[in-house]
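One structure is given here, and the rest of the page talks about it.
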Amino acid sequence: MKKKLVLLLFAIFLLSGCSVEYNIDITDRKITLDGVLLETDESNWDKVIIQNDDEKIDHNVDPNYCMDGSCGIQDGAMDTSSLTYSQLVDLKTIDPDAKIEGLTRIKDVGRLGISAKKTIDYKDKKSLKELPGVSTCYKYFSVLENKNKDGILLSTSNKNLCFESYDILEEITVKLTTNHEVESHNADEVNGNDYIWKINRENYNNKNIQINLLNKTQKKMDLSLLIFVGSVILVIIGVGGVITLNMVIKSNRANTIK
C-alpha cells in the first residue's frame, strides 16, 4: 500500500508544474511558430518562478536614489527582480512597457499562460533568432548555411536556461513539422514529417536541438485534387462497367434470337 501511495504522489508531481508546447511549422520556406506556456495548477500561479537579472533592485538603498542602474523600489512600483507566474504572464502580455510582440495572454478556468504566434521567412536569420523562447532559453542559437549550400543548419547551445529561470517548469516539447527534406537531425522522435524533442529537468543541461533542412521540398498532391481525380476515375470505371454490361446483355439477346 505504501509503495502504491509513493507512486501516486510521484505521478501527481509529474502532472503538476508548468509545461511548454513549442510547435514550429516550416513549409515552403515559411516558418510559423505556435507555442504555449501553460500552467494548469492554480496553486502555482502565485509562486515566485523567475529571477529577472535585467531588473535587479538593491533593497538597501534610499527608495528615491538611483546610481549606476541600482535603485530602491519606488512607492507603488512592482519589484520585477522576482516575479510570480501571474505577474510574469501579465508583464509579458499586458504591461505596455514590457509586453512582447506576438505574445497573447491565456486565462480561463484552471488555465493561465502565454501563447506565441508568429510567421517569418525561412532565411530571415535575425527574426528567427528573436522568436519568443529562443533568446530566452538559449545562450547561443545559430542559423548557418550548410556545407553544400543547399539548405540551413539550425542549432542551439546544449543548456536550456529556462529551467533555471522558471522554478516550476517541468517539460518543454518542441515539435518541428516541415515539408523540406531533412539531411540530419538529433530529434528524440520522428513521426512522418514531425521531428520532436523532449526537454525536461533531467536532461536540460545537455540537450541541444539540431536539424539540417534542405531547400528542396517534398511536393505533395493537394488533397482536394486527389479526391477530384479519384472521383473522376471512379465515374469512368462505373460508366465503363455499365456500357460493358449493356453490350454483353445485347450480345446474349442476339444469340438467343438466332
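The values are calculated or read from the model by the stated rules, or taken from the named source; none is laboratory data. Note that the structure is predicted; figures quoted are calculated from it, not measured. Neighbour counts are summed over all protein chains in view; Cβ atoms, including those assigned to glycine, are modelled from backbone coordinates with ideal geometry. Heavy atoms of the whole protein, side chains included, go into the accessibility calculation; ligands, DNA and RNA do not. Shrake-Rupley method; radii C 1.70, N 1.55, O 1.52, S 1.80 Å.
This table checks each residue for (1) open to solvent by less than 80 Å² (accessible area, probe 1.4 Å); (2) free of Cβ contacts under 8 Å to residues at least 24 places away in the same chain; (3) farther than 30 Å from ASN44 by Cα.
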{"site": "ILE100", "(1), (2), (3)": "yes, no, no"}
{"site": "LYS117", "(1), (2), (3)": "no, no, no"}
{"site": "ASP121", "(1), (2), (3)": "yes, no, yes"}
{"site": "GLU145", "(1), (2), (3)": "no, yes, yes"}
{"site": "CYS162", "(1), (2), (3)": "yes, no, no"}
{"site": "LYS198", "(1), (2), (3)": "yes, no, no"}
Inset, instruction - State yes or no: is ILE227 outside any strand (DSSP E or B), at pLDDT below 75 and farther than 30 Å from LYS129 by Cβ? - result: yes
Inset, instruction - With respect to TYR85, determine if the residue is modelled with pLDDT of 75 or more, within 24 Å of THR136 (Cα to Cα) and open to solvent by 30 Å² or more (accessible area, probe 1.4 Å). - result: no
